[in-house]
Amino acid sequence: MGVKLDIDLVAAARPNFIKIAPLFHALARESWCDVRLIHTGQHYDENMSAAFFTDFALPKPDLHLGIGSGTHAEQTGRTLMAYERICLEHRPDWAIVVGDVNATLACSLAATKIGIRVGHVEAGLRSRDRSMPEEVNRILTDAVADVLWTPSDDAGDNLRSEGIPEERIDFVGNIMIDTLEFMRPRIEVSRVREGLGLVAGGYAVVTLHRPSNVDDPAQLSMLVDALVRISAELPLVFPVHPRTRARLDEAALWRRLDACVGIRLVEPLGYVSFMNILTGAALAITDSGGMQEETTYLGIPCLTIRTTTERPITLTQGTNRLVRGDQLRDAVDAVLAKATRSTALHRPPALWDGRAAARIVDSLRRRM
Ligand code: UD1
Ligand code: UDP
């Protein structure tokens, strides 16, 4: 084969590292391309970033843009300018972006305007709630990307209904499941659960970080009350996202949670540690996108504190249920009353099979 393709793989935030890992390793094995890892630096704490590179045996990024925190315009604008500069210097053939964070949009826009082809992993998801910054990022990224790799049928339907031509859409499945399957042996031997004194099936995992839940002090306070009440009947382990930590401190709610004997507050965890805890949980209480999918795949009941989801397949084919904060306690009771985790009968959605990265590599090769 003649000249190799130069591919930039872009990651910015915790969920991105989980999504790029299988694709990086799959592309690195191919002889027809050179892959360059770009870290924009949106997440930068050791336990929000470097820990994932270690867990997934990812090399040090080829380029780190050092974007850091800021308003949406600051983060998106800084990334747009920094990545455009890199594209002009190095002229990759493809920029591959994942998910729905600010860097996903910024890097797609920078690349497409100077004629670099863009591939979007996890394309086509729609919550239809434009007050979510991620929904805006999804719509705009999909509008400019040259190839849209979708995780589920509903995502393809969304893209078609927006007039995106069929030839740009490739249904490849859910890459988060590639990571889960690839890491499963290490997740299973991890002893983090025991270290925290948790008994398999006897606790719930909590994560929260959506602005709609944590940036509004009244909503956050209501959720803290609900968690305190739930912890009287079910121990909770809560790895606290840095945004949430800051909001709990500002609202003087951290000490209330921390003082509660049934609630174990911990720092954000690396992937293997976190999944060791999640896989042993009786249920998950969350507003995370990724956790709706992981629990669907694992057959673990999930209560998602949101009014919409961009992942409706987790409701129709999975274990997920959308609840308001004031419904949370009753919803937990309902899950505990059922108490049948029928993983044996559980069938994951189509192409959530650990082979999404391989399909993306095939799709790229076909489009060379
Ligand atoms: C971002 C993504 C969101 C994703 C989430 C995953 C956007 C618009 N949002 O939200 O879609 O679900 O990541 O976790 O792209 N902070 C630290 N250390 C860090 C990172 C953040 O202290 O390493 C703090 C900073 O105070 C920062 C705040 O967390 O201002 C929010 O971080 P940011 O990356 O802006 O948004 P997330 O809420 O993490
Ligand atoms: N996760 C982790 N450690 C934690 C919390 C989450 O490794 O302490 C993982 C988990 O697999 C989850 C993923 O990070 O699915 C996604 O992160 P997050 O919820 O921050 O982002 P979202 O999926 O909502 O964009």
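The values are calculated or read from the model by the stated rules, or taken from the named source; none is laboratory data. Note that the structure is predicted; figures quoted are calculated from it, not measured. Counting neighbours? That spans all protein chains shown, and the Cβs are built from the backbone with ideal geometry, glycine included. Keep in mind that these areas ignore ligands, DNA and RNA; they rest on the heavy atoms of the full protein, side chains included. Shrake-Rupley method; radii C 1.70, N 1.55, O 1.52, S 1.80 Å.
General observations
- Only residues that are of a type in the set (S, T, N, Q) and either in a loop (DSSP other than H, G, I, E, B) or over 9 Å from Leu105 (Cα atoms) (or both) were counted across the stretch 130-146, and they come to 1.
- Condition check for Ile116: away from ligand 2 (no atom under 16 Å from the Cβ) and in contact with a Phe, Trp or Tyr (Cβ under 8 Å, 6 or more places away or on another chain): yes
- Within the stretch 1-33, considering residues that are among the β-branched types (Val, Ile, Thr) and farther than 15 Å from Asp62 by Cα, the one least open to solvent (accessible area, probe 1.4 Å): Ile18
- Residues being more than 13 Å from ligand 1 (Cβ to nearest atom), open to solvent by 10 Å² or more (accessible area, probe 1.4 Å) and not aliphatic (A, V, I, L, M) - total across the stretch 131-147: 1
- When the residues of the stretch 40-73 are filtered to those that are open to solvent by 40 Å² or more (accessible area, probe 1.4 Å) and hydroxyl-bearing (Ser, Thr, Tyr), the one that is farthest from Asn137 (Cα to Cα) is Thr54.
- Those residues of the stretch 125-141 which are within 16 Å of ligand 2 (Cβ to nearest atom) and in contact with a Leu (Cβ under 7 Å, 6 or more places away or on another chain), in sequence order: Asn137, Arg138, Thr141
- The residues of the stretch 228-242 that are away from ligand 2 (no atom under 16 Å from the Cβ) and either open to solvent by less than 10 Å² (accessible area, probe 1.4 Å) or not in a helix (DSSP H, G or I) (or both), listed by number, are Ile230, Ser231, Ala232, Glu233, Leu234, Pro235.
- Any hit, the stretch 105-121, residues being open to solvent by less than 30 Å² (accessible area, probe 1.4 Å), more than 15 Å from Leu364 (Cα to Cα), in a loop (DSSP other than H, G, I, E, B) and within 12 Å of ligand 1 (Cβ to nearest atom): no
- Complete set of residues in the stretch 281-323 that are farther than 18 Å from Gly99 by Cα, surrounded by fewer than 20 Cβ atoms within 10 Å (Cβ to Cβ) and in contact (Cβ under 8 Å) with a residue 24 or more places away in the chain: Gly299, Thr307, Gln317
- Scanning the stretch 320-346 for residues that are of a type outside the set (A, V, I, L, M), part of a loop (DSSP other than H, G, I, E, B) and modelled with pLDDT of 95 or more returns a single hit, Arg324.
- Some residue of the stretch 199-221 being assigned to a helix (DSSP H, G or I), open to solvent by 50 Å² or more (accessible area, probe 1.4 Å) and of a type in the set (Gly, Ala, Ser): yes
- Of all residues in the stretch 47-104, those being without any contact (Cβ under 8 Å) to a residue 40 or more places away in the chain, hydrophobic (A, V, I, L, M, F, W, C) and within 28 Å of Met183 (Cβ to Cβ) number 5.
- Residues in the stretch 243-280 that are in a loop (DSSP other than H, G, I, E, B) and within 16 Å of ligand 1 (Cβ to nearest atom) were compared, and the one that is most open to solvent (accessible area, probe 1.4 Å) is Glu267.
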